[in-house]
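To start, the structure under review is shown below, and the notes come after it.
The values are calculated or read from the model by the stated rules, or taken from the named source; none is laboratory data. Only a predicted model underlies this, so the values are computations on that prediction, with no experimental measurement involved. Glycine also receives a Cβ, built like all others from the backbone with ideal geometry; neighbour counts cover every protein chain displayed.
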Amino acid sequence: MDIKVNHKMIKEMCGTVSFKRGDAFYRANKVTFSQYSPDFCEAIVNGTEDFQVTIEKDPTGDIQTKCSCPTLANFSKVLPTHCGRFISHL
C-alpha cells in the first residue's frame, strides 16, 4: 500500500494558498522527514514553533492526516483519497 500524492493532488486538497505556504516551508529546507514507509510519512516542520505532520494510508484506502501546528490546534482529519480539503502543510 503506497501513499501516492503529487503537487496537483495536494493543491486540490488544501487550496492554493495553503499549498504555497507548505511548499515555501519545503523549499526553505524547513521540513525534515523523520519516518517514511509505503503507508506512513512523518515530518517535522520548523516554523516559528516546530510542529509534526503525519500522513497515513489506512487499509480502506483513506488518507489520515495530523498536524500539531499552532494554527490548526492539533487538527486531525481522515479523508477518503478522493476528498476535498487537506491540512495546509502537506
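Somewhere in the stretch 50-72, is a residue hydrophobic (A, V, I, L, M, F, W, C), closer than 24 Å to Asp2 by Cβ, in contact with a helix residue (DSSP H, G or I) (Cβ under 7 Å, 6 or more places away or on another chain) and buried (at least 17 other Cβ atoms within 10 Å of the Cβ)?
Step one: of the stretch 50-72, the residues hydrophobic (A, V, I, L, M, F, W, C) are 51, 53, 55, 63, 67, 69, 72.
Subsequent filtering for residues that are closer than 24 Å to Asp2 by Cβ retains 53, 55, 63, 67.
Next, from what is left, pick out any that are in contact with a helix residue (DSSP H, G or I) (Cβ under 7 Å, 6 or more places away or on another chain): none.
No.
Report yes if Arg21 is of a type outside the set (A, V, I, L, M) and either touching a His at 6+ places or on another chain (Cβ under 8 Å) or modelled with pLDDT of 80 or more (or both), otherwise no. Spell out the reasoning first.
On the way: of a type outside the set (A, V, I, L, M): yes; either touching a His at 6+ places or on another chain (Cβ under 8 Å) or modelled with pLDDT of 80 or more (or both): yes.
Criteria met by Arg21.
Wholly within the stretch 11-70, which strands (runs of 3 or more DSSP E) include no fewer than the required count, namely at least 3 residues that are without any contact (Cβ under 8 Å) to a residue 12 or more places away in the chain?
Here the list reads 31-37.
State all residues of the stretch 2-51 that are out of contact with any strand residue (DSSP E or B) (no Cβ under 7 Å at 6 or more places or on another chain), over 12 Å from Cys69 (Cβ atoms) and acidic (Asp, Glu); if no residue qualifies, say none.
If we filter the stretch 2-51 for residues that are out of contact with any strand residue (DSSP E or B) (no Cβ under 7 Å at 6 or more places or on another chain), which is where we start, we get 2, 4-24, 26-29, 36-38, 46-49.
If we keep only those that are over 12 Å from Cys69 (Cβ atoms) too, we end up with 2, 4-17, 19-20, 23-24, 26-29, 36-38.
Listed by number, the residues that qualify are Asp2, Glu12, Asp23.
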